[in-house]
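Derivation of every value follows stated rules applied to the coordinates shown; laboratory data play no part. All values derive from a computational prediction rather than experimental measurement. Backbone-built Cβ (ideal geometry, glycine too); neighbour counts: all protein chains shown.
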Amino acid sequence: MEEKQTFQTTDEYIHQFPLEVQEKLHTLRKIIKEAAPDAQEKISYQMPTFAWNGNLIHFAAYKHHIGLYPGASGVAAFQKELKGYKTSKGAVQIPIEEPLPTELIRKIVKYKVDENAKKAEAKRKG
């Protein structure tokens, strides 16, 4: 039986892929870091994850797409802009051969930062 690979860092995760996929993942990581400069990077569910007052967004690469996981609220809030992509309750699939929608990703991450800030504030007032 093949042993499932586990990752400790985002770099370890990214380096398992072919160079052209690594480039996309590095770009995606950079966009997220710029949109959420205070977020902490970690591996969660064996995927690169950015967290700030809770999880903001996860991402992963697959054979035919890059998966972006901003959660149900992140997908719902951008339904119109995401029309061209395959989505599910909390996930967006960006075909591997297409360019990353950088502005849209930036907007989704900023939306999640605002959402988590509001949740944290409500908890404090709680």
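Quick notes on this one:
- Among (1) in contact with a Phe, Trp or Tyr (Cβ under 9 Å, 6 or more places away or on another chain); (2) closer than 25 Å to Ala120 by Cα; (3) among the aromatic types (Phe, Trp, Tyr), the one test that Phe7 misses: (2)
- The stretch 1-34: number of residues that are buried (at least 18 other Cβ atoms within 10 Å of the Cβ) and of a type in the set (Val, Ile, Thr): 4
- Scanning the stretch 90-114 for residues that are acidic (Asp, Glu) and either in contact with a strand residue (DSSP E or B) (Cβ under 6 Å, 6 or more places away or on another chain) or within 15 Å of Ala35 (Cβ to Cβ) (or both) yields Glu103, Asp114.
- Ala77 closer than 17 Å to Tyr111 by Cβ, under 13 Å from the mean Cα position of the chain (by Cα) and not polar (S, T, N, Q): no
- Remark: pairs (first residue in the stretch 5-33, touching a residue at least 60 places away in the same chain (Cβ under 8 Å); second residue among the aromatic types (Phe, Trp, Tyr); Cβ separation under 8 Å; 6+ apart in sequence or on different chains) = Leu28/Phe59; Ile32/Phe50; Ile32/Phe59.
- Restricting the first member to the stretch 105-126 and to residues that are over 15 Å from Glu81 (Cα atoms) and in contact (Cβ under 8 Å) with a residue 24 or more places away in the chain, and the second to residues that are of a type in the set (Val, Ile, Thr) and surrounded by 11 or more Cβ atoms within 10 Å (Cβ to Cβ), the beta-carbon pairs closer than 8 Å and six or more apart or on different chains are Lys112/Ile57.
- Test result for Lys30, charged (D, E, K, R) and more than 20 Å from Thr102 (Cβ to Cβ): no
- Candidates Ala39, Ala51, Ala72, Ala61, filtered to the one that is free of Cβ contacts under 8 Å to residues at least 60 places away in the same chain and in contact with a Leu (Cβ under 8 Å, 6 or more places away or on another chain): Ala61
- Each residue in the stretch 1-34 was checked for being out of contact with any helix residue (DSSP H, G or I) (no Cβ under 6 Å at 6 or more places or on another chain) and assigned to a helix (DSSP H, G or I), and 16 of them qualify.
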